[in-house]
Amino acid sequence: MNTMKRTILSFGLVISLVSCTHETPVNYAVLTGKIDNFEGKEVTFEKTDHSVSKQITIESNGSFTDTIKDNPGLYQLSIGKNSTPIYLENGNILSLTVDANNFINSLEVSGKGAETTAYILEKNKNEAALKTKDRAVYKLEEADFKKKFKEIQHSLNIKLDTAKGISPAFKTLEKRNLNYEYLNELARYAGGYHRQWAQKRGYRPSEGFLAELEDVDLNNDVDFYFSAAYREMVNRHYSRQIYALAKKDSIEYGLQAITVYSKIPNQIIRNELIFSKAEYDFYQTVDFEKFYKMFMDASTNEENNAKITEIYTKLKRVSKGQPSPKFTNYENNAGGTLSLDDLKGKYIFIDVWATWCVPCIAELPDLQRIEKEYHGRNIHFLSISVDNAKDHDKWKKMIVDKKLGGIQLMADKDFNSQFILDYNIRSIPRFILIDPNGIIVTPNAPRPSDPALIDLFNSLNI
C-alpha cells in the first residue's frame, strides 16, 4: 500500500470514529502522531501487561497512525531511546507530537481521551523536577520526608477528583498507584537512599517508619502491571528472599531466584518474574537441567514455556559430553590464523573476553598465574577476544601491555561469530573447557579466580 493510500485510510478511520454516536460504542482506540527529527522507520508500542506489542511504521514526514482494538489500558510508546506512557480506552482518538531532539520538553498530547495521558505526563514532569541531581529530597529527615510525599499524594488525589475527562476506571487504579508511590518512596528512603544522599552511613530507619508497608498485598496482578511503584515493591520483596536464601544455601544465583519465584502465590506475577529471570539467567546456569525442570514446573504461560524450551534445546547442544562447536581461521596474535581442530590432543581452556570488559580484565592476573602453573602440561590456554573490528589495535596493544600469555585469538565477527552464537554466549567473561578429543567437559567452567577451577583440573589429572 503506498503512502497516499495509507494516509487516506487513516484519515477515514479517524473520521468514522468521530462520527460514531453514543448509541454505537466502538471497541477500539486510535493513536496518531507526528515525530520531528527522528531517523527511525518504526516505533514500538507495548501494553504494560505485554498483551499487545507491535511495531508502528513511521511515514517519511514523521507521522504515524495505529488502531488498538478492544484492549484498553496503560501502554509504553518507545521512540528510539526515549519512551512515554500512553493511556487508551475504547473510543479514544489520541494525537501525539514530539521533537526527538528535545523529547521531554516538546511532548504534547491532544484529542479525545488525552486528559488521562496528559495527567500522567504532568505528574512525571513534576516528579523529575522534585528529584534533582543531588537528590535533595532524600536528604530530608524522616518526618519531613514522609510529610513531603504525603502532601504530594494528597494533592494528586485532589487533582484526580476534580479532573474532567478522566475515566472512573483510571481514577480507581491511579488512586491505588498514588498510595503505592508514596509507600515505595518510604521503602527507597529507608533502604539506602537517605543513607547515600545524606551521607549517613550508619542510618537505620526508626521504629514504625515503614509500618504502613506491612499490610500491602503483593499478589495483585492488575496493580502489578499498572503501577511501576507496585512492581518495584514486589521485586524488592522477592529480592530480599533471594538474598536470604543465598546466605544459607550455596546453589547458583539463578537457581536461588527460580526457587523463590516458583513459590509466588499469584500465578500471573509468578509467570512474569520467573520468565524475566529465566530469559537471562538460563544462559549462565551450570545446572541448566535442574533450572529447566524448576521453571517448567512453576510456569503456566505456554508462550513463555515455548521460549525457554527453545533456549533449553540450544543449551543441550553444547552441554557436557557433546562435541564442541568449531571455529576456523581466527586471527592469531602470534601470526597467521588458528582453528579449533589445530589444538586437538590436549585439553583446551577457553577464555572469551574483550578489552572493554572490566570483569574480564579482573580475571587476567589469575589466568596468568594458572597458565604458568600448568605450563607444559596437557592443556592449552586459549583466549578469544570478541572485540569489535575497530578495536583490533587496542586488542593487540593490551596483549603487549599486560603481557598476556597463552594463545590469543580474535573472533571473526565479535559477538556475532558463529562459535560465540553456538555456545549461546550473551555475557563475558565466559570460560569453557574442552577435552583432548574435542568433547565439551563444561560450557561454563569456573573462573580462574575460583579455586573450583583447580579442583576441576585435578579431577581430570591435567
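Here are some pairs, Lys346/Lys394; Lys344/Lys372; Lys81/Lys131; Lys150/Lys171; Lys372/Lys397; Lys125/Lys175; which of them have Cα atoms lying more than 23 Å apart in this structure? Present the calculation step by step, with values, prior to reporting the outcome.
Working: Lys346/Lys394 30 Å; Lys344/Lys372 21 Å; Lys81/Lys131 21 Å; Lys150/Lys171 18 Å; Lys372/Lys397 21 Å; Lys125/Lys175 18 Å.
In this structure, Lys346/Lys394 lie more than 23 Å apart at Cα.
Angle between the Cα long axis of helix 267-281 and the longest principal axis of the chain, 0 to 90 degrees, nearest 10?
Roughly 40 degrees, rounded to the nearest 10.
Using only Cα atoms, tell me the angle between helix 358-373 and the longest principal axis of the chain; keep it within 0 to 90° and round to the nearest 10.
Result, in degrees: 10.
Once a ≥ b ≥ c are taken as the square roots of the eigenvalues of the Cα gyration tensor of region 136-216, is the result rounded (a/c under 1.5), prolate (a/b larger than b/c) or oblate (a/b not larger than b/c)? Numbers along the way, then the final one.
On the way: a/c = 3.10, a/b = 2.21, b/c = 1.40.
Prolate is the answer for region 136-216, as a/c is 1.5 or above and a/b outweighs b/c.
How high is the relative contact order of the chain, in percent, counting Cα pairs under 8 Å that sit 6 or more residues apart?
Numbers: 637 pairs, mean separation 41.2, N = 462.
So the answer I get is 9 percent.
For region 23-55 and region 67-131, write down the distance between their C-alpha centroids in whole Å.
11
Going by average Cβ neighbours within 10 Å, how do the peptides 322-328, 349-355, 374-380, 177-183 rank, with the highest at the top?
Working: 322-328: 15.7, 349-355: 23.6, 374-380: 14.0, 177-183: 20.4.
Ranking, from highest mean packing down: 349-355, 177-183, 322-328, 374-380.
With everything on Cα atoms, drop me the angle between helix 392-401 and the longest principal axis of the chain, reported from 0 to 90° to the nearest 10.
50
Using alpha carbon centroids, what distance separates region 368-442 and region 311-331, in Å?
One Cα centre to the other: 15 Å.
What is the sum of charges, Lys and Arg at +1 and Asp and Glu at -1, for the other residues whose Cβ falls under 10 Å from the Cβ of Tyr347?
Working: positive: Lys346, Arg377; negative: Asp435.
It works out to a net charge of +1.
Can you give the net charge of the other residues whose Cβ lies under 14 Å from the Cβ of Asn105, counting K and R as +1 and D and E as -1? Can you show the working numbers first?
Numbers: positive: Lys125; negative: Asp36, Asp99, Glu108, Glu122.
Local net charge: -3.
Can you give the calculated 222 nm mean residue ellipticity of the chain, where each DSSP H run of n ≥ 4 adds -39,500 (n - 2.57) and the sum is split over every residue, rounded to the nearest 500 deg cm²/dmol?
Details: 16 runs with 200 residues, N = 462.
Dividing the helical sum by the residues of the chain leaves -13500 deg cm²/dmol.
Taking the Cα-to-Cβ direction at Lys41 and at Ser167 and moving 7 Å from each Cα, how far apart do the two end points lie in nm?
Between Lys41 and Ser167, the simple spin-label model gives 3.5 nm.
Over all directions, the average projected area of the alpha-carbon convex hull for the chain comes to how many nm²?
Result: 28.3 nm².
Quick one: compute the contact order of region 360-446, relative version, from alpha carbon pairs under 8 angstrom and 6+ residues apart, as a percent.
Details: 72 pairs, mean separation 20.6, N = 87.
It rounds to 24 percent for region 360-446.
Once Lys and Arg get +1 and Asp and Glu get -1 on their Cβ, which of Pro323, Ile93, Cys357 lies farthest toward the positive end of the dipole of the chain?
Cys357
Each reported figure results from applying straightforward, stated rules to the coordinates on display, with no laboratory input. Remember, predicted model here, so these are calculated numbers, not experimental data. Here Cβ is always computed from backbone atoms with ideal geometry, including for glycine, and neighbour counts include all displayed protein chains.
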